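Reading through the structure tokens given below for one structure.
The values are calculated or read from the model by the stated rules, or taken from the named source; none is laboratory data. Source: prediction; values computed, not measured. Cβ sites come from the backbone with ideal geometry, for glycine too, and all protein chains shown count toward neighbours. Calculation scope for accessible area: heavy atoms of the full protein, side chains included, ligands and nucleic acids excluded. Shrake-Rupley method; radii C 1.70, N 1.55, O 1.52, S 1.80 Å.
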Amino acid sequence: MKINPNLAKIGLNGFYIKAFKLLLNQNIIQQYSGIKLVCMQGSIDRARILAQKLAAQFLQINPNNFIPVNLTENDDFHCYRVGQVLCASHGMGNPSIITFLDAISKIMYFAGNLDVEYVRIGTSGGINVNPGSVILTQKSYMPNLIPEFKLYPLGKEVIYPTHMNEELNQKIINSQPKTTDFLFSIGNTIAADDFYRGQVRYDGIIKPQFSLDERRDYFNKMNQLNILNFEMESTGLAAFCNRANIPATMIATTIVDRMKTDSITATTEELIKFSDNAQSIIINYIKKYKIL
Ligand code: R2B
Ligand code: URA
């Protein structure tokens, strides 16, 4: 982890982590000490379910007897600890995940967890893959099909690279069984700023300004770049973590094939199975590398 040298000068006591509403002290930092892996998901519910699943599978704790404890004081971002793994929620979109990443990384730094890894376990819209397929992101693109993320400090454009960590990806791939009942593939991803126009849907409230033919061409270009899914946070995740030198990647299940439809028509049971598929990939990784 590469940190802002000003943080070392400030020190942790009395430092306010706004996104978590935490005024830091040694007791709070102790709760996060020894974390090796942060598994982040959009919603609080999925973060809690993963924590319960990990506790059941690795620590034999019956989920009915285990209500994970949230280590933040904020309702947007929750953090549930199971041994050396933190299951957290990052909200929706790049601004939200970056806010989360800044907060959690300061805490990881003050807790001395300098070799921590970050994995987002998300949902996404697939391109030409069956719903339930899981994509491990190699490189994340903006919707203009350029693999970069931009910010404008002092009004000047700064461009950040958006590749995920290769070594972490390889370790995740190496941890998987030879066969699964869903497709697990490495590929590229587009992070859009919204679910509708940014992901070229026809079912948003604002009339689309593109034809079906234009959209097909766009999907074909995506195919040529091996872009297999759309979501909303991976460019922010990659850009932040590359800059902070934190190994990071994304494992996203697909809940719709955008080549066929815009709407999500999967049943609740199917959506649970799709989410389980992505979580099983990180569980295999945790098992293989004995993180729990
Ligand atoms: C995937 O799903 C959410 C939109 O519904 C968004 O957070 C994302 O990246
Ligand atoms: N999340 C997205 O951002 N897009 C989809 O199509 C599905 C989930």
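Brief remarks follow.
- Of F66, F182, F230, the residue with the greatest mean-square motion in the GNM of the chain, using alpha carbon springs below 10 Å, is F66.
- Using the alpha-carbon positions of segment 233-285, Rg (one decimal) and Dmax (whole number) come out as 14.4, 39 Å.
- In the assembled protein chains, I173 presents an accessible area of approximately 60 Å² (probe radius 1.4 Å).
- All Cα pairs of segment 1-93, percent lying beyond 16 Å: 60 percent
- Summing Cβ point charges (Lys, Arg +1; Asp, Glu -1) relative to the Cα centre of the chain gives a dipole of roughly 640 debye.
- Per residue, the convex hull spanned by the Cα atoms of segment 106-238 amounts to 156 cubic angstrom.
- The distance linking segment 1-67 with segment 257-285 is 26 Å (Cα centroid to Cα centroid, whole angstrom).
- Sorted largest first, the principal axis extents computed over the alpha-carbon atoms of the chain equal 59, 50, 35 Å.
- 4 °C / 1.567 mPa s Stokes-Einstein diffusion coefficient of segment 171-229, Kirkwood radius on C-alpha pairs, µm²/s: 93 µm²/s
- E233 accessible area, assembled protein chains, probe 1.4 Å, Å²: 10 Å²
- Loop-resident sites, segment 1-47, for trypsin sites (Lys or Arg not before Pro), counting at most 12 other Cβ within 10 Å (DSSP): K2
- From its DSSP helices (H runs of at least four residues, each -39,500 (n - 2.57)), the chain gives a residue-normalised ellipticity at 222 nm of -10500 deg cm²/dmol.
- Taking every DSSP beta bridge that has both ends in the chain, the antiparallel portion is near 40%.
- Unit charges at the beta carbon, dipole of the chain: most positive-side option, N284, Y32, I173: Y32
- Potential lengthening between F210 and Q31 on full extension [0.36 nm per residue; Cα-Cα distance subtracted]: 59.4 nm
- Computed on protein heavy atoms with a 1.4 Å probe, the accessible areas place S89, S185 in the order S185, S89, largest first.
- Measuring nothing but alpha carbons in segment 84-159 and taking Rh as the Kirkwood radius, the Rg to Rh ratio lands at 1.01.
- Taking amide H positions as modeled 1.01 Å from N, with prolines and chain starts lacking one, the residues under 5 Å from I61 and 5 or more places away or on another chain are A56.
- Ratio Rg/Rh [Cα only; Rh per Kirkwood] for segment 173-292: 1.00
- Of the two radii for segment 38-173, the radius of gyration is 0.99 times the Kirkwood radius, both from the alpha carbons; that is the Rg over Rh value.
- Listed residues M232, S140, I67: farthest to the positive end of the dipole of the chain (Cβ charges): I67
- Rounded to the nearest 20 debye, dipole of segment 202-259 from Cβ charges on Lys, Arg, Asp, Glu: 120 debye
- When only the Cβ of Lys, Arg, Asp and Glu is charged (+1, +1, -1, -1), the dipole of segment 52-182 relative to its Cα centre reaches about 180 debye.
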